[in-house]
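Below is one structure; the comments refer to it alone.
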Amino acid sequence: MLFTDFGSSDIYVGQVKSVLHRHAPHATVIDLANDLPPFNVRAAAHLLDALKNVFSDGSVFLCVVDPGVGTARGTLVLEADGRRYVGPDNGIMSVVAARAVQTRLWSIAWRPAQLPDSFHGRDLYAPVVARIAAGALASDCLRPLPVLGTSFGADDLEEIIYIDHYGNACTGIRAARAPRDTALVAGGRRIDRARVFGDVPQGAALWHENGHGLVEIAVNCGSAAEALQLCVGKPVSWAG
């Protein structure tokens, strides 16, 4: 699974896929997301945790939102509840790790003969992901890691983490833990809960549990992002 901020219309995803195909030609590559909010590792970490359960045990995720590429931040392979995740040790996998029942951690000891400073997604992580998927990763490629270098913890994130093309604004709050009869405050507006879009008039705002189990702000047949001037990173809160 590709989970990146590389951009679906840029030149980067195709190069990553070419490396995956070279090392694991029979693997199925799924674009989970390549238009994540650029540079926003914390938002990506919460969205990754919400999306992971769609995929079966044994799935391998290439996770790259990496504004610190080329710096001293670590490299990581995480095994959590039967799925594996590969990417920088900058927090992007830390919410998954913090909420998992069983985890194992490794740093990546292997390096290619040439490793450019600024495209580790293609040149370091993609070959490791492909070899894991193909069952061909040598044991000396990884080194056991006691703890994550960066962790955001298991708590929910009370801010906007993703806006889709409809203008629906997804938060980092798990709906199962949300107070169902309480209004959400976002963009200076109180927003009441509804079960589905059609339960409110066209043009009206609501919050609901989206298909990923997160609290989402929407406008029936409209854009919540435009109507409420919402953007990724904007805080939300529960009305008192």
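The values are calculated or read from the model by the stated rules, or taken from the named source; none is laboratory data. In this text the structure is predicted, and so the values were computed from the model without any measurement. Virtual Cβ from ideal backbone geometry, glycine too; neighbours counted across all protein chains shown.
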Original post:
So which residues in the range 148-173 are in contact with a His (Cβ under 8 Å, 6 or more places away or on another chain) and β-branched (Val, Ile, Thr)?
Top reply: Ile161
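Across the range 105-122, what is the number of residues that are in contact with a Leu (Cβ under 9 Å, 6 or more places away or on another chain) and in contact (Cβ under 8 Å) with a residue 40 or more places away in the chain?
First pass over the range 105-122, keeping only residues in contact with a Leu (Cβ under 9 Å, 6 or more places away or on another chain): 105-112, 115, 121.
Pick out the ones that are also in contact (Cβ under 8 Å) with a residue 40 or more places away in the chain and you get 105, 121.
Residues flagged as in contact with a Leu (Cβ under 9 Å, 6 or more places away or on another chain) and in contact (Cβ under 8 Å) with a residue 40 or more places away in the chain within the range 105-122 amount to 2.
Could you check, for the range 59-69, whether at least one of its residues is buried (at least 18 other Cβ atoms within 10 Å of the Cβ) and in contact with an Asp or Glu (Cβ under 6 Å, 6 or more places away or on another chain)?
For the range 59-69, residues buried (at least 18 other Cβ atoms within 10 Å of the Cβ) and in contact with an Asp or Glu (Cβ under 6 Å, 6 or more places away or on another chain): present.
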**OP:** List every residue pair whose Cβ atoms lie under 6 Å apart, where the two residues are 6 or more positions apart in sequence or sit on different chains, the first residue falls within the range 146-169 and is in the same structural domain as Leu184 (by TED's automatic domain parsing) and farther than 17 Å from Ile92 by Cα, and the second residue, located anywhere, is surrounded by fewer than 19 Cβ atoms within 10 Å (Cβ to Cβ) and of a type in the set (Asp, Glu).
**Re:** Gly167/Glu226
Subject >> Verdict on Ala133 being crowded, with 21+ Cβ neighbours inside 10 Å, at pLDDT 95 or above and at negative phi >> reply: yes
Subject >> Checking Glu79 against (1) assigned to a loop (DSSP other than H, G, I, E, B); (2) over 20 Å from Val16 (Cα atoms), the condition it does not meet >> reply: (1)
Subject >> The lone exception for Ala27 - which of (1) surrounded by fewer than 20 Cβ atoms within 10 Å (Cβ to Cβ); (2) of a type outside the set (Val, Ile, Thr); (3) under 15 Å from Asn90 (Cβ atoms); (4) in contact (Cβ under 8 Å) with a residue 40 or more places away in the chain it fails >> reply: (3)
Original post:
Mind checking which residues of the range 136-176 are modelled with pLDDT under 95 and not aliphatic (A, V, I, L, M)?
Top reply: Ser139, Asp140
